[in-house]
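Undergrad: Before I ask anything, here is the structure I am working with.
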Amino acid sequence: MPRDILIVGAGIAGLASAIAISDELSSFIPNLNISVYDGASESTTSGGAISLTPVAQRYLDELGILSELNQMGDRAGIEVDAIDLFSVRAGRRLGPLRFTDENGNGYGGYKGRRVLRSALSEAMLAVARNLPNVSVHYDMKLVGGSTTAENVSLQFEDGSTVTGDLVLGCDGVHSATRTKIVDPGNRSEYTGISFIQSMTDTRSLTTPMPFNQTAVHLARHSSLLTSYCDPKHEKLFVAAIVRVSELLIEKYQTMPGTDVSVQNNMRMSMRYLVRAQFGMSCLPYIREIIDRTENWMLYPVYQVRQRGKWHTDKILLLGDAAHAMPPRDESAAYAVEDAIIFAKLLAQNPDTPLPRLFEEYEDLRRGLVNKAFDASRRLWQSDLDKGLFPGQTRDLMSPVHLPPNSCVGKRATQPTTKTKLPAPTHESFSDLSVYSLTSDLGRTADATNGD
Ligand SMILES: Cc1cc2nc3c(=O)[nH]c(=O)nc-3n(C[C@H](O)[C@H](O)[C@H](O)COP(=O)(O)OP(=O)(O)OC[C@H]3O[C@@H](n4cnc5c(N)ncnc54)[C@H](O)[C@@H]3O)c2cc1C
């Protein structure tokens, strides 16, 4: 049983793994030591707001993160009962998609949530830091690693090295753990789709907005997401989901970060791109939002080639590092689910050698992840072929899959007791699923208006 566990990446998968492993192993492994290393500095947070599906919320609750988040006042985000759909060109409402049942209850007790990424990260970090055997270290960028029969070592950019019994590579879609150690050459690929996003202060807007929490506005070649992020409805997250050429992405990424005029030019071109798609909408509040919103940032969506390696003898990839998918905003739920399942496997099989345990984990996860990946890719590909957003509803409505009758349940304390994972609460559709669900609706609405 590993005692010194090294985790690369303090994102969703990394912190969830640290918390889940501490929860599962602390009671029977003395001297357990879980160290998390992240390449960014602590103050660096990726921007924008994330959509958490009911399933993601249930997992975060299990790890104690939801209650931490709920104590954060305005930064706790908002619960989302329904996503309102509008046609940009026809200028009319297409209907709501609900996260609740007919009585207004969330599925399995959980609704959707929109929360700032920085707030989610803060809540996760607070829970992790409260655990006596977890430490989190920033400014530690992984650059390489090596394994011997006894242990595994990681090397960081600053020249330091750490050694442990087990490494979890949770360093995201561009994972160095994957590309430098586990599966060299398996680099991330650009999906062709980007988010151009920003936040707007609603107090500067005058036109009333006809949605309660979140709305998706469907255009022919893109969609615009608008969502409040705080209970007072003062912050509006705005994201245009558009196709952006790889050339532009490369140009954007090679821009020096410090040159203000270059940065401003890029922001202007982002703004132009969004205006070109949505600036002529029949919906007056959309025109105003587009007009007033500044500081647009580009977030290209990358994926990891399927069927790549997930582990070596002592290193396992989790979350986006293993399986970043084409846009599918259930991905955070998959990352947390990876963490919970691996932690429980570890707790329940104390005598199993790591390579066998990794294989068991992969047997549980690979098929489900592949299925989700294939569904997303098929949809986006068929969409790109048609020059529109995904057209089929069924596939993206799939739940976050859980392994049937698999090993895990709520906080197993006895390593030998096999409990089961709870059944999936409900389809975890969310913003991106909505695009697929409704593009046909959008087209129909456009056609009826002779557009
Ligand atoms: C534009 C966009 C919008 C999205 N919206 C949603 C959404 O609404 N809902 C949803 O569920 N999912 C969404 N996703 C997907 C979701 O963000 C990811 O699936 C999720 O963040 C994966 O978690 P992770 O921990 O695996 O990776 P990450 O969250 O990316 O964390 C990786 C961590 O590793 C660190 N790291 C990277 N390299 C190194 C290194 N060399 N050394 C040390 N540390 C390193 C990083 O600093 C980071 O902290 C979106 C993705 C994109 C691109």
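The values are calculated or read from the model by the stated rules, or taken from the named source; none is laboratory data. Everything numeric here is computed off the predicted structure, so don't read it as measured data. FYI the Cβ positions are ideal-geometry reconstructions off the backbone, even for glycines, and counts take in every protein chain you see.
Undergrad: So which pairs qualify, if the first residue must be in the stretch 313-332 and within 16 Å of residue 190 (Cα to Cα) and modelled with pLDDT of 85 or more, the second must be among the charged types (D, E, K, R) and near the ligand (Cβ under 6 Å from one of its atoms), the Cβ gap must be under 6 Å, and the two must be at least 6 apart or on different chains?
TA: 321/171
Undergrad: Find all pairs meeting these conditions: Cβ atoms under 6 angstrom apart; at least six residues apart or on different chains; first residue within the stretch 209-222 and on the phi < 0 side of the Ramachandran plot; second residue crowded, with 19+ Cβ neighbours inside 10 Å and assigned to a loop (DSSP other than H, G, I, E, B).
TA: 217/88; 219/88
Undergrad: Taking the condition of being over 25 Å from the mean Cα position of the chain (by Cα) and modelled with pLDDT of 80 or more, how many residues in the stretch 248-284 meet it?
TA: Of the residues in the stretch 248-284, 11 are over 25 Å from the mean Cα position of the chain (by Cα) and modelled with pLDDT of 80 or more.
Undergrad: If residue 301 satisfies all but one of (1) closer than 30 Å to residue 262 by Cβ; (2) part of a loop (DSSP other than H, G, I, E, B), what's the number of the condition it fails?
TA: Exception for residue 301: condition (2).
Undergrad: Those residues that are farther than 30 Å from residue 76 by Cβ, small (Gly, Ala, Ser) and within 15 Å of the ligand (Cβ to nearest atom), I need them from the stretch 116-160; list them, please.
TA: 144, 145, 153, 159, 160
Undergrad: Could you say whether any residue in the stretch 38-61 is over 22 Å from residue 333 (Cα atoms), touching a Lys or Arg at 6+ places or on another chain (Cβ under 7 Å) and within 13 Å of the ligand (Cβ to nearest atom)?
TA: yes
Undergrad: Is there a residue in the stretch 134-146 that is more than 30 Å from residue 293 (Cα to Cα), part of a loop (DSSP other than H, G, I, E, B) and of a type in the set (S, T, N, Q)?
TA: Within the stretch 134-146, none of the residues are more than 30 Å from residue 293 (Cα to Cα), part of a loop (DSSP other than H, G, I, E, B) and of a type in the set (S, T, N, Q).
Undergrad: Moving on. Being part of a strand (DSSP E or B) and either within 16 Å of the ligand (Cβ to nearest atom) or at pLDDT 95 or above (or both), is that true of even one residue in the stretch 14-34?
TA: There is at least one residue in the stretch 14-34 that is part of a strand (DSSP E or B) and either within 16 Å of the ligand (Cβ to nearest atom) or at pLDDT 95 or above (or both).
Undergrad: Look at the stretch 178-188 and say how many of its residues are within 14 Å of residue 324 (Cα to Cα) and among the β-branched types (Val, Ile, Thr).
TA: Qualifying residue count for the region: 1.
Undergrad: Restricting to the stretch 161-181, and then to whatever is of a type in the set (Val, Ile, Thr) and near the ligand (Cβ under 8 Å from one of its atoms), can you tell me which residue is surrounded by the most Cβ atoms within 10 Å (Cβ to Cβ)?
TA: Checked the stretch 161-181; the qualifying residue surrounded by the most Cβ atoms within 10 Å (Cβ to Cβ) is 177.
Undergrad: Right, next: Do we have any residue at all in the stretch 390-405 that's at pLDDT 50 or above, closer than 29 Å to residue 117 by Cα and touching an Asp or Glu at 6+ places or on another chain (Cβ under 7 Å)?
TA: no
Undergrad: Just to be sure before I move on: is residue 104 more than 16 Å from the ligand (Cβ to nearest atom), more than 30 Å from residue 281 (Cβ to Cβ), without any contact (Cβ under 8 Å) to a residue 60 or more places away in the chain and out of contact with any Phe, Trp or Tyr (no Cβ under 8 Å at 6 or more places or on another chain) in the structure I sent?
TA: For residue 104, the condition - more than 16 Å from the ligand (Cβ to nearest atom), more than 30 Å from residue 281 (Cβ to Cβ), without any contact (Cβ under 8 Å) to a residue 60 or more places away in the chain and out of contact with any Phe, Trp or Tyr (no Cβ under 8 Å at 6 or more places or on another chain) - is met.
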